[in-house]
Amino acid sequence: MSQYKERFVTLLHEKNFVTDQLATLEQKTGVKREYIALGALSFVGLYLLFGYGASLLCNLIGFVYPAYFSIKAIESNSKEDDTQWLTYWVVYGLFSIVEAFSDIFLFWFPFYYASKCLFLIWCMAPVTWNGSEILYKRVIRPFFLKHESAMDNAVRDLSAKAKNMTKAVTAEVVNLGLNHDKDQ
């Protein structure tokens, strides 16, 4: 347990925007930053369990942190962080699609948004047992490789249909525009 406490304290003393704000709060209030952070985490946890708008908070947690680090990954020269965050977004996207169809049932479960938030934190966590990497390697990738040619054909067909529809709509709009000019 003490190793987790040490890791937590070390994390709170790293140099970044959040820890700078914690240091300022610590100076002004006289309360240790560890207690401030624990209080904030407890408040967020309780809000996810009982608060109104927990879905918004959960979605912000699942989006803001990964979006920030995705931008940093794009700007870095390393390929590993790009792969990490692309993997997260694939899992997040798939989870969002599944959730869109099952949300009507899931939100009735007690503590659903707290569980969802923990799942998203597990998926974005910078650890070796990162959820998005595990899910991608064990579920998504094997499924994709098994059905890749069928998916490629479906995408190709949909692209061709969208292209044809775009051409037809554009031609119709041009025709209507030309006919409108003749009528005036």
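Starting from residues that are aromatic (F, W, Y) and not in a helix (DSSP H, G or I), keep the ones in region 81-122 and report whichever is modelled with the lowest pLDDT. Looking at the filtered set, the residue picked out is F107. Could you tell me whether any residue of region 25-32 is assigned to a helix (DSSP H, G or I) and surrounded by fewer than 11 Cβ atoms within 10 Å (Cβ to Cβ)? Scanning region 25-32, I find at least one residue that is assigned to a helix (DSSP H, G or I) and surrounded by fewer than 11 Cβ atoms within 10 Å (Cβ to Cβ), so the answer is yes. Taking only region 123-169 into account, find how many residues are among the hydrophobic types (A, V, I, L, M, F, W, C), loosely packed, with under 10 Cβ neighbours inside 10 Å and not in a helix (DSSP H, G or I). Qualifying residue count, region 123-169: 2.
A residue that is among the acidic types (D, E) and farther than 21 Å from T87 by Cβ can be found somewhere in region 103-116. Listed by first and then second residue, the pairs with beta-carbon distance under 9 Å, at least 6 apart or on different chains, first residue in region 97-117 and surrounded by 14 or more Cβ atoms within 10 Å (Cβ to Cβ), second of a type in the set (V, I, T), are C117/V44; C117/I61. Considering the conditions (1) open to solvent by less than 80 Å² (accessible area, probe 1.4 Å); (2) not charged (D, E, K, R); (3) not in a helix (DSSP H, G or I), L49 is excluded by exactly one of them, (3).
The residue that is nearest to the chain's Cα centre (by Cα), counting only those in region 138-184 that are aliphatic (A, V, I, L, M) and at pLDDT below 90, is V169.
Assessment of region 55-69 against the conditions (hydroxyl-bearing (S, T, Y), open to solvent by 90 Å² or more (accessible area, probe 1.4 Å) and closer than 21 Å to N130 by Cβ) yields at least one matching residue.
Looking only at residues in region 70-80 that are touching an Asp or Glu at 6+ places or on another chain (Cβ under 9 Å) and surrounded by fewer than 14 Cβ atoms within 10 Å (Cβ to Cβ), which one is modelled with the highest pLDDT? If we take residues in region 70-80 being touching an Asp or Glu at 6+ places or on another chain (Cβ under 9 Å) and surrounded by fewer than 14 Cβ atoms within 10 Å (Cβ to Cβ), then I74 is modelled with the highest pLDDT.
For the subset of region 3-16 comprising residues that are at pLDDT 75 or above and not in a loop (DSSP other than H, G, I, E, B), which member is least open to solvent (accessible area, probe 1.4 Å)? Going through the qualifying residues, I end up with L12.
The values are calculated or read from the model by the stated rules, or taken from the named source; none is laboratory data. Model, not experiment: these values are computed from the prediction. Note: ideal-geometry Cβ built from the backbone for every residue, glycine included; neighbour counts use all protein chains shown. Please note that ligands, DNA and RNA were not included when accessible areas were found on the heavy atoms of the full protein model with its side chains. Shrake-Rupley method; radii C 1.70, N 1.55, O 1.52, S 1.80 Å.
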